[in-house]
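The values are calculated or read from the model by the stated rules, or taken from the named source; none is laboratory data. Small disclaimer: the values here were computed from a predicted structure and weren't measured. So basically every Cβ, Gly included, is an ideal-geometry build from the backbone, and we count neighbours across all protein chains shown.
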Amino acid sequence: MSGMAFEHPLAKYIRPSAIVTANCPGCGNGILAQSILGAIQELGLSLDDFVFVSGIGCAAWIPSPHFFADVLHTTHGRPIAFGIGIKVALPHKRVMVISGDGDLTAIGGNHLIHAARRNIEMTVICVNNGIYGMTGGQLAPTTPLGLTTVTTPFGNVENPFDICELVKGAGASFVARWTTYHPRQILRTAKKAIQKKGFAFVEVLSQCPVEFGRKTGMGTAVQMLQWYKKSSVPLARAQGMSPEDLRDKIVVGEFVNVEKPELMETLAAMRAKAMSAT
Amino acid sequence: MRKEAVLSGRHFMMGNIACAEGALAAGCRFAAGYPITPATEVAERLAERLPVVGGTFLQMEDEIASIAAVIGASWGGLKAMTATSGPGISLMLENIGFALGTETPCVIVNVMRGGPTTGIPSVELQGDVVQPRRGSHGDYQIIALAPSSVQESFDYTVEAFNLAERFRTPVFVLSDAFLGHMREELVIPEEENISIVNRRVFPPEQTGETLPGFLDEDVAPMPVFGRGHKAHVTSSCHDAYGRRNVIDAGALDVFIKKLNDKIAKHRDEIVRVTTDAGGAEVVLVSYGSVFRCAQAAVEAGRAEGLPLGWVKLGTLWPFPDREIEAAARRANHLIVLENNLGQLFPYVQAAAAGRCSVSFLPPRVLGELHEIEDILKAVRGVRA
């Protein structure tokens with residue numbers, strides 16, 4: 001095959017000037033990027049149909065700068081709030097937020113629950129690596145109990161979030177969870193999330209071998225993917241299991257997929273009412 | 001309630017409402033905010049009026065989200081604003097820095113109240129006048145206007161949008177509790193007589209890869225979202241194409257200086273100072289609601305033969321240093337009147353550069369208006 005040019009089928013979606021990645025070896029970002037772009041391709045959509053928004057942290061660097069589209073790389077924790085303004089200005093575009101668990105659930109947790117409550121049409125992909133990777137392996141609100149991080153040298157004593165339960169409780173139309181061991185499932189779920197008329201939230205557990213695996217002792221990228229494989233329990237099976245059996249398991253699947261009034265539609269109706277009022 | 005965007009005609013109106021009407025006249029079609037005294041009437045008016053003209057007001061979960069949504073809407077192509085008071089500005093400052101760094105046009109109204117901290121929401125204080133200049137981290141230039149009447153609350157809000165669009169930058173309107181709640185006559189001109197500036201945008205077919213959309217001292221065209229420009233917009237240090245560079249101090253040097261020079265180079269286009277000080281020995285320097293006291297004191301002082309004049313700073317940032325210097329050359333004394341402990345006073349002193357004496361006079365009680373007699377006493381004092 002030497003001498004033959006081969007172009008990756010998703011290369012057309014990558015910004016020409018962004019050919020070098022800042023991801024560490026073994027990072028889950030690439031698996032997830034491929035699943036997201038694959039979903040967009042299978043839906044027959046163009047990246048010009050989207051505006052991508054991200055916050056601060058490694059996951060935020062998936063669309064910024066790599067996706068050849070309109071991309072807003074925002075301040076830490078705020079991408080959803082920025083995305084709300086974009087969606088109001090461009091209601092016919094699809095706004096997709098891709099950011100990390102620290103960004104979306106710690107510093108940005110308030111925006112996450114309020115966007116879910118508003119049920120604004122937006123796809124939010126939360127890349128959950130269970131750690132602050134970019135700053136060097138500190139505790140996140142998703143770090144499993146007991147794990148050692150650089151800011152919990154004697155082990156984490158705080159309960160981690162169940163992010164999907166949080167977003168479900170806040171009122172999202174669509175909520176799902178997978179891991180980077182499930183790239184095809186992510187792709188299929190992302191297609192549904194993108195098409196959802198409402199707030200669609202997808203949590204993806206993703207390995208960070210350098211800052212999570214190394215510092216918590218959870219191992220290499222391969223070991224972490226094997227952990228995801230071993231620990232993942234599909235929702236249907238989990239429903240028949242006791243809380244005791246589900247401890248330390250990762251329940252995966254689509255938890256919520258409902259139809260309910262969406263903010264752009266209710267805003268448009270309110271505007272029509274305001275205009276016709278005397 | 002009339003339904004047109006521009007309510008041309010004579011009104012008897014509150015400053016905060018005039019500010020909201022100025023925004024609508026300037027073409028604002030998105031506002032986001034969070035309730036706070038004494039700024040809430042701006043949001044209430046926009047919530048009532050924006051949907052009628054096809055716009056949107058969103059009450060967000062906090063001020064951080066408010067300014068974020070405003071910036072997002074601006075990248076989506078809408079003119080956008082928020083209105084708050086000191087505590088809200090303190091929360092917004094990081095994202096205001098984002099707007100500066102990404103060159104996002106937007107307007108931020110601060111109806112100043114008595115601080116620090118929660119302070120007194122309904123008492124006016126010119127306590128936040130340096131905050132726009134230095135409040136967000138890093139080194140930058142900002143534009144801030146200070147209306148001194150209900151008419152100027154309207155006019156300066158229109159001007160704030162025009163400057164934001166012209167220079168692709170956040171612009172502050174520094175009102176205060178006194179001005180925001182004061183009612184006066186307001187004349188809104190016919191729509192065709194209101195000068196409106198719209199941002200320069202990317203030509204069709206150009207992408208962020210083919211045309212620089214950032215870091216031009218003469219203001220780059222904006223690659224507004226949703227039009228296929230594939231813009232990469234980051235508040236990280238970036239080059240003229242928006243490409244992130246977080247390893248090179250040389251890139252940071254260019255990033256900071258270009259953003260700075262974009263405002264500094266055009267300061268004459270921005271700065272507005274009015275004076276009535278021909279041949280006056282003592283000149284009162286003031287801005288905002290305090291100007292009303294200065295104006296009244298000059299009138300009263302002249303009636304008793306005092307050689308008095310005034311300088312009104314309509315623009316606080318970029319600081320009108322050249323105009324202050326010119327006033328200092330002509331006068332023997334400048335007296336700076338502010339309703340604070342002297343926030344702009346050192347800037348006036350620096351600009352006057354020893355050309356005349358410069359003194360400072362706060363009101364007797366912070367948060368109250370200057371007594372005319374106190375001002376005249378200070379005038380007699382500097383002449384003695």
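Data overview
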read-out	value
Spans of strands (runs of 3 or more DSSP E) in region A:40-115 with at least 1 residues under 13 Å from the mean Cα position of the chain (by Cα)	A:50-54, A:94-100
All positions within region B:234-246 that are more than 10 Å from chain A (Cβ to nearest Cβ) and of a type in the set (A, V, I, L, M)	B:A240
Failed item in (1) in a helix (DSSP H, G or I); (2) polar (S, T, N, Q); (3) more than 7 Å from chain A (Cβ to nearest Cβ), with B:N110 passing the rest	(1)
Subset of region B:313-335 that is more than 15 Å from B:C356 (Cβ to Cβ) and crowded, with 23+ Cβ neighbours inside 10 Å - its residue that is farthest from the chain's Cα centre (by Cα)	B:P320
Single unsatisfied condition, B:A65 versus (1) of a type in the set (G, A, S); (2) within 14 Å of another protein chain (Cβ to nearest Cβ); (3) over 16 Å from B:M222 (Cβ atoms); (4) surrounded by fewer than 24 Cβ atoms within 10 Å (Cβ to Cβ)	(4)
Complete set of residues in region B:51-60 that are within 20 Å of A:A81 (Cα to Cα) and part of a loop (DSSP other than H, G, I, E, B)	B:G55, B:M60
Candidate set from region B:114-167 (those that are of a type in the set (V, I, T) and closer than 21 Å to B:D268 by Cβ); member that is nearest to the chain's Cα centre (by Cα)	B:I143
Selected residue (only one of A:A116, A:A140 is within 14 Å of chain B (Cβ to nearest Cβ), surrounded by 24 or more Cβ atoms within 10 Å (Cβ to Cβ) and modelled with pLDDT of 95 or more)	A:A116
Options B:A231, B:A264, B:A249, B:A240; residue that is surrounded by fewer than 21 Cβ atoms within 10 Å (Cβ to Cβ) and in contact with a Phe, Trp or Tyr (Cβ under 7 Å, 6 or more places away or on another chain)	B:A240
Conditions (1) assigned to a loop (DSSP other than H, G, I, E, B); (2) in contact with a helix residue (DSSP H, G or I) (Cβ under 9 Å, 6 or more places away or on another chain): number failed by B:V129	(2)
Single match in A:K197, A:K192 (criterion: touching a residue at least 60 places away in the same chain (Cβ under 8 Å), of a type outside the set (A, V, I, L, M, F, W, C), surrounded by fewer than 20 Cβ atoms within 10 Å (Cβ to Cβ) and in a helix (DSSP H, G or I))	A:K192
Qualifying residue in region A:1-11 (condition: more than 10 Å from chain B (Cβ to nearest Cβ) and either crowded, with 18+ Cβ neighbours inside 10 Å or not in a loop (DSSP other than H, G, I, E, B) (or both))	yes
Verdict on B:A18 being without any contact (Cβ under 8 Å) to a residue 40 or more places away in the chain, in the same structural domain as B:S153 (by TED's automatic domain parsing) and assigned to a helix (DSSP H, G or I)	no
